[in-house]
Structure formats: structure tokens, C-alpha cells
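Coordinate-derived values only; no laboratory data. The shown structure was predicted, so the numbers you read here are calculated from the model rather than taken from an experiment. Cβ atoms come from the backbone with ideal geometry, glycine included; neighbour counts cover every protein chain shown.
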Amino acid sequence: MKRILLSLLASLIVISAVPAQTPPTPPTDKKAEPKKPEKAEQEPRPASQEQQKQDSQKKDAPPPSASQPSPNPIAAERAAEKKEDKKWDVNNPPGPQYDVPIDVTEGTWLSLDVSPDGNEIAFDLLGDIYTIPMSGGDAKALTTGIAWDMQPRYSPNGKWIAFTSDRAGGDNIWIMNRDGSKPQQVTKETFRLTNEPYWSPDSEYLVARKHFTAERSLGAGEVWLYHRSGGEGLQLTKKRTEQKDTGEPALSPDGRYLYYSDDTTPGAIYQYNKDPNTQIYVIQRLDRQTGEIEPFVTGPGGSVRPTPSPDGKSLAFIRRVRYKSTLFILDLESGKETPIARGPTAVMRLRSMTTVPSSMTSSPSTAIPADAKVIDVAGKTSMPGIVDVHWHGPMGADEIIPQQSWINYAALAFGVTTLHDPSNNSSEIFTAAEILRAGQLLRPPIFSHGQILYSAKDQIKADLDSLAERSSTLLDRPSAGYEKSHRRGRRSLID
């Protein structure tokens with residue numbers, strides 16, 4: 001049973017791996033640098049902006065009645081917050097809640113791992129962690145609640161399961177007993193959040209990815225090592241840029257090598273629409289004895305998801321082969337790469353429309369205008385309109401909405417008859433939607449969240465310092481009731 005507050009998120013796929021045996025070599029002598037959040041992340045909203053916001057609220061508010069002044073709900077809520085100063089509880093947030101029953105036989109975007117004894121599989125589904133017998137059967141929930149738990153990983157000794165959870169406010173590494181009891185927080189990051197845990201062979205340490213953001217919310221990553229009891233950790237890799245990603249750490253069974261995926265495309269800036277048939281990601285290998293890093297698995301199609309075999313003789317990884325994600329096995333002695341399985345090819349299946357029988361054309365409810373154009377569709381299939389549920393594109397420039405828009409003409413030409421844009425300039429996209437409804441524009445119907453709630457240091461960054469500010473942000477939008485909160489990472493009150 002899962003209680004859902006606003007929306008369900010998706011989790012990442014993690015290929016199963018079973019580390020083993022000997023303890024790791026001592027970590028590098030480099031100690032973790034003290035966490036130094038960027039100044040811009042801590043500064044309160046400038047007084048001028050706050051005053052401008054309050055003035056705007058006063059201007060848009062209806063005039064109070066003469067008999068009694070209208071209370072300011074936002075100010076009252078802020079005062080209550082300041083007075084009570086309650087700590088945000090992810091598993092017990094304010095507001096209405098309801099339970100949604102979930103009874104499924106399959107899922108997508110699952111992270112999974114196989115127990116060291118080979119008897120069961122741990123996996124995540126919609127923010128909860130389950131186990132299921134290797135032979136099949138009913139899944140058993142190890143974690144439940146509103147907190148988002150994902151990426152389970154068995155310890156080599158079979159006693160614990162490490163996982164990522166935001167139950168303390170933001171993504172951090174946790175461990176629990178194999179039966180789900182006694183969850184214990186390992187990392188306690190509040191800004192550079194951690195994920196993707198992987199055990200050392202002796203079950204005493206964990207490596208994890210630490211996420212960094214600057215001007216882009218996608219950010220970069222570093223690999224750090226932590227003792228299972230907690231602590232500040234030790235840095236194993238250093239991010240090359242502020243926007244190129246590094247992650248998916250995995251240790252060799254003898255603890256000597258650290259494998260991880262790394263975006264090695266040229267330049268320091270993240271770019272969309274890269275060619276997957278070239279090399280985007282490579283698998284790097286860090287020798288923890290010498291400190292040397294080498295590109296270990298390279299080539300067209302790139303390589304991700306490094307997964308060492310328990311005996312240390314091979315390395316499983318994923319590579320893009322034309323239009324398919326393909327699982328490979330690399331023999332570490334000979335260097336031979338063998339494709340094992342290919343992912344399914346995406347197929348779009350269109351439902352055919354049923355035409356109205358000619359006998360119905362005389363019905364008053366289906367009257368046909370005299371000047372209507374008649375198209376003979378006998379023996380043909382008509383495709384219904386396509387709803388693009390995650391569309392992006394400009395609706396204007398400098399708040400000027402063009403009467404003719406090539407990007408919308410192109411959408412119509414490809415059969416897209418409805419657009420849902422989760423993030424766009426509010427003043428432009430909502431204006432375009434209103435003009436469309438007035439019949440003054442030719443484009444697909446538009447639905448949008450408006451301005452994104454962005455977390456990185458950018459001119460559109462949304463500083464939400466209280467629940468009241470988040471509430472007022474929602475009320476300021478025509479779409480009031482839902483939002484796109486992009487990679488904010490934390491569900492704690494102060495963001």
C-alpha cells in the first residue's frame with residue numbers, strides 16, 4: 001500500500017550485482033573536504049524582490065470589506081511557521097492524504113539486486129523496496145510510506161540492504177537489516193545529496209555518488225566512500241566540470257578497482273540531443289593502490305552500468321547498438337566483449353478510428369454542413385491525434401506571441417493535436433493558450449505548468465524558503481494545483 005501525496009516518480013534501472021569476499025584496500029589519504037554550499041544557495045530572497053512580491057499580491061487582491069479588514073493568509077501562515085518552527089516530516093506531511101492500492105505483476109525502471117545466497121531479489125517499485133523469491137511468488141514490502149526509497153543493494157555478508165531514501169528530507173544513503181528492520185542513516189548530506197550505494201567486499205564500507213549542481217540542475221557527480229556507521233566520508237573521484245555526470249560506482253571483488261560511468265563528451269557544458277551511436281559515456285577504472293584512472297570500456301555506443309562478476313573474471317555493462325540498449329559481458333583477461341541480450345525495439349501502435357456508417361448521416365445529431373469536404377476513407381486507416389505529454393518549445397519571445405508559429409505548424413504536421421508543456425515561460429505560454437481558445441491562433445491545444453521550479457543557480461531559480469512561498473507560487477498560476485519541481489532533490493521545508 002502506498003500513500004501518494006501529489007505524483008509518482010520513476011526510479012533508475014540498476015543491473016544486479018553480487019560483490020564478494022576480501023576487504024577493500026585502504027581508502028586514499030585525501031579527506032573529505034568540508035561541505036561548503038555556494039553562497040547563492042543560502043542567501044534569503046533580496047528585500048527588494050520580497051517587497052515587489054508583496055506589492056504585487058496587494059495589487060491583485062480584492063479590496064477588503066468596509067466592516068472588517070481581510071486577513072492575509074500568507075502572512076498568517078508565515079507567522080505560524082515562525083512561531084512553531086516545526087521540522088518537516090517527509091512521512092507525515094501536512095494536507096490531505098489517501099491510500100492507493102497497488103497490485104501489479106510487472107514494472108518498469110526498476111532497480112534490483114540479487115541476494116548473495118541467490119535465493120531472492122530485492123527491487124524498488126514506486127518508491128518502496130520489496131523482496132521476491134528467485135523462483136517467483138508474491139513480493140514482500142520492506143519499506144512503505146510516503147518517503148521515496150530506491151536502489152536496494154545487498155551487503156556481501158547478506159546481513160544488510162543499503163538503499164537511497166529521502167525520508168530525512170533529501171536523498172541519502174541508508175542501510176537496514178535484510179528483513180527491513182532497523183533502518184539507519186549513513187550519509188547526512190543536506191546539499192550535495194547522495195545515491196547509488198555499492199558495498200565493499202567486507203560489508204563494512206559503501207561507495208556512493210554525490211550529486212553537485214551549479215548553473216544546471218542536472219549537475220555533476222563524484223564518488224565517495226563511507227563507513228556503514230556513518231561519517232563525512234572519503235573522496236575517491238573529483239568532478240571534471242560542473243555539468244558532466246559521473247556515477248554508477250562499483251567495486252571489484254578484491255576491492256582494488258573502482259569502476260564508474262563518466263560523460264566524456266568534449267567541453268564543459270551539458271548538451272541535449274547527443275548522438276548515442278558515438279561515445280557519450282565510458283566506464284572508467286580507478287586503481288585504488290596507484291591512484292591511476294584509465295578509460296576502461298570505450299567505443300561507439302558508449303558504455304554504462306559497470307557490474308563486476310562475483311569471481312572477478314568479467315564485467316557486465318550496457319552499450320547502445322544502433323537503436324537498442326545491449327547487455328555485454330567483458331572478459332577481463334582476454335578483453336573480449338560478448339553481446340548477451342538486446343532491449344526491445346520501441347514500437348508505436350496506433351488505434352484505428354471507426355468511421356460513421358452512411359446510414360447515420362441522416363440523423364439530426366450528425367448533420368453535415370452543405371459546404372463540408374467529403375473524404376472517402378474506405379479501405380484506409382485514420383490515425384487519431386497524438387497527445388505530446390512532455391513537449392517543449394517557445395510560444396513567444398520577450399512576451400510577444402506570434403500569430404504564426406512554425407514550431408506549432410510542425411507539431412500539427414506530425415499529427416500532434418494536444419501539447420502538455422511541463423515548463424515554459426508562464427506569461428508567454430498561458431497567453432498563447434488564451435489566444436488559442438479565442439480562435440486567434442492555429443496550433444494544438446496547450447496545457448502547461450508554467451514556469452518551472454528550478455533548483456540550480458540561474459535567472460529562473462525558484463527560492464522557496466517556506467511552505468507559504470510554495471503555496472503562493474502555486475496559487476499564482478492558472479494551472480493552480482500542480483507543478484514541475486525540477487531536480488530539487490529535497491522534500492524538506494527549506495529548499
Gap separating the Cα centres of segment 368-410 and segment 281-336, nearest whole Å | 46
Contour minus Cα-Cα span, residue 410 to residue 311, at 0.36 nm per residue, comes to 30.2 nm
Which order do the peptides 177-190, 399-412 take when ranked by the mean count of other beta-carbon atoms within 10 Å per residue, highest first?
-> 177-190, 399-412
Ranked list, fewest to most other Cβ atoms within 10 Å of each Cβ, for 174, 199, 148 = 148, 174, 199
Spin-label proximity, residue 332 to segment 285-315 - amide N less than 11 Å from point 7 Å beyond Cα toward beta carbon = 307-315
Take the alpha carbon atoms of segment 125-171, find their center, do the same for segment 220-261, and report the distance between the two centers in whole angstrom.
-> 21
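For a quick check: sort 264, 194 by the number of other beta carbons within 10 angstrom, fewest at the front.
Working: 264 16, 194 24.
Ascending number of Cβ neighbours within 10 Å: 264, 194.
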Relative exposure of 227, 392, 449, 211, judged by other C-beta atoms within 10 Å (fewest first) | 392, 227, 449, 211
When a/c is below 1.5 the answer is rounded, else prolate if a/b is larger than b/c, else oblate, so apply that to segment 108-176 with a ≥ b ≥ c taken from the square roots of the Cα gyration tensor eigenvalues.
-> oblate
Quick one: what does P(r) look like for segment 118-224 with 5 Å bins over all Cα pairs, in whole %?
-> 2, 13, 22, 24, 18, 12, 6, 3, 1, 0
